[in-house]
Amino acid sequence: MHPGMAAVIAIGSDEILDTVDRWLPLFSLVFIALLVYVMFRMLAVMPRTKPQEIKASKRSGVGWEDIAGVEATKDELREVVDFLSDPRRFKTLGAKVPKGILLHGPPGTGKTMLAKAVAHESGANFFSQSASSFVEMFAGLGAARIRRLFKEAREHAPAILFIDELDAVGTARGSDVSGERDQTLNQLLVEMDGFEASESIVVMAASNMLEKLDPALLRPGRFDRQVFVPPPDLRGREQILAVHTRDKPLSQDIDLGRVARHTSGLTGADLANLCNEAAIQAGRNNRSFIAQSDFDNAFERVVAGLQSRKVITDHEKRVVAWHEAGHALVSELLPTVDNVQKVSIVPRGKALGYTLNLPEEDRYLKSRHELIDYMKVLLAGRVAEQIRFGRVTTGASDDLAKVTAIARSMVYEYGMGTSIRSHQVPANDWNVSEMMRQRRDEEVNEIAEEAYRGAHRLLSDHRDLLDEIANRLLDDEVIERYEIVAIMAGRSASDPRPPAVVRSAADGE
Ligand code: ADP
């Protein structure tokens, strides 16, 4: 190395060291200030997980009397109230009380209210958090919130821990790119597995979409008790209207029964809104009481605000009543078809009504005769509309699709068509002659028509019963098995005596 170069380097590094010495404290200060600033910014956007965020109240303020029209659901939940009020009684008996209860049903049907009422009635603490607030932008924060919520509940047992909008974290795992939701859900499962059924804590959750939830959530020891909270029927709507008008001055002319009849399809939340709107209308008109006209005006406003939701017109209600009565009556008339447990014209999901058939015993194999009977039941809705109104609506499209599918299977798969040869060639075999194809289609049609004629005959022969069931549905919106049995036996449906004859009118079709 050149001797001069060593001197240059020596001088250079001295200067550098000097400069560093002079500026280092300043640099460090700026760096620390920057760090503090960034941390403050992060803390500002970071959702706080302080205990006060978790809503807890010794008395949640909502009692059974504030919730109307969901009697069956309340009955199911009374058991939880009993347990939380006196856990020792159950523990000494070795009884296992559900750890997790999932309330599911359309929004606004009173799920949150029910959870609050369980806490209130049993004197338990109420901890509530919406699952959507668990899913945060910082990975791991949702899981931390879940841990905190459970910890709080444990420290304040007896407690109801309520998770609203469970769908936000509970939908099937694997569909979340960031993994944050999955991590949160896993933490929820861990916490639910981690506490004992004897701990005087009951986890309740609300969901609008039970079918989309991760099946792991519904396993035993987690949300193994699922309670449906239905939209209210006619009587339920009237009771809800009574609850929401009990501290409002009403004029003499108000008929809440009439309001209830015109609000088919509305939930408890909609009805609460309706009552409030009616009070506002009365206030605007400078009246000191609410008149029927206020309800009529409020109804228009509330319905207009519901754009996407269906409010059923009177005519539609009649069509649905005869449609469902048709299904129910033909089911009852045919001994091969399962009993009708319930018929309803309260809209539920996309359906405007439904007839619930429940088997008395498990049946696996069906004969041609049984399949045709089942098709008669499916077609009976459409046939009843035809008989009563002289035309059919689009409401039967689902039933028709099912009938066609069954008739096709009968011809193509089960060899139940008129010519046995037709099922020997697969449906999608292109070598099948055009003639054969036509023959099969004719057979499918013949079977469907046979069922249609059968349904038509049954309903025409028992027109009085059809009208009676439909009218009953129009009056009450829901009819139960014992009422159907009474109608079939020719007794008044309100007569609670046990039936002597269940299918007296069966005509052996
Ligand atoms: P969900 O949790 O099912 O969405 P909420 O319990 O939050 O419904 O109900 C919202 C509001 O609607 C309640 O605060 C109450 O005013 C009203 N409401 C809903 N269902 C009922 C009911 N069955 N009885 C009385 N009020 C109801």
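Results, tabulated for the structure shown:
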{"quantity": "Using a Förster distance of 56 Å, the FRET efficiency for ARG246-THR394 (Cβ separation, nearest 0.05)", "calculated": "0.85"}
{"quantity": "Solvent-accessible area, 1.4 Å probe, carbon plus sulfur percent, for segment 234-304", "calculated": "46"}
{"quantity": "Where only alpha carbons of segment 58-171 are counted, the Rg and the Dmax (Å)", "calculated": "14.9, 46"}
{"quantity": "Rounded percent of accessible protein surface that carbon and sulfur make up, segment 64-228, 1.4 Å probe", "calculated": "51"}
{"quantity": "Whole-angstrom gap from segment 456-481 to segment 81-134, using each part's C-alpha centre", "calculated": "40"}
{"quantity": "Burial ranking of peptide ranges 120-127, 71-78, 109-116 (average Cβ count within 10 Å, highest at the top)", "calculated": "109-116, 120-127, 71-78"}
{"quantity": "Accessible surface ranking that places the most exposed of HIS244, HIS156 first, with a 1.4 angstrom probe", "calculated": "HIS156, HIS244"}
{"quantity": "Accessible surface, segment 234-304, averaged per residue in Å² (probe 1.4 Å)", "calculated": "48"}
{"quantity": "Mean Cβ count within 10 Å, highest first, over the residues of peptides 80-91, 220-231", "calculated": "220-231, 80-91"}
{"quantity": "Residue-level accessible surface for ARG408, protein heavy atoms, 1.4 Å, Å²", "calculated": "90"}
{"quantity": "Accessible area per residue, Å², segment 64-228 with all protein chains present, probe 1.4 Å", "calculated": "41"}
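The values are calculated or read from the model by the stated rules, or taken from the named source; none is laboratory data. Please read all numbers here as calculations on a predicted model, not as lab measurements. In this analysis, Cβ positions are derived from the backbone assuming ideal geometry, glycine residues included, and neighbour counts consider all displayed protein chains. With ligands, DNA and RNA removed, areas are computed over all heavy atoms of the protein, side chains included. Shrake-Rupley method; radii C 1.70, N 1.55, O 1.52, S 1.80 Å.
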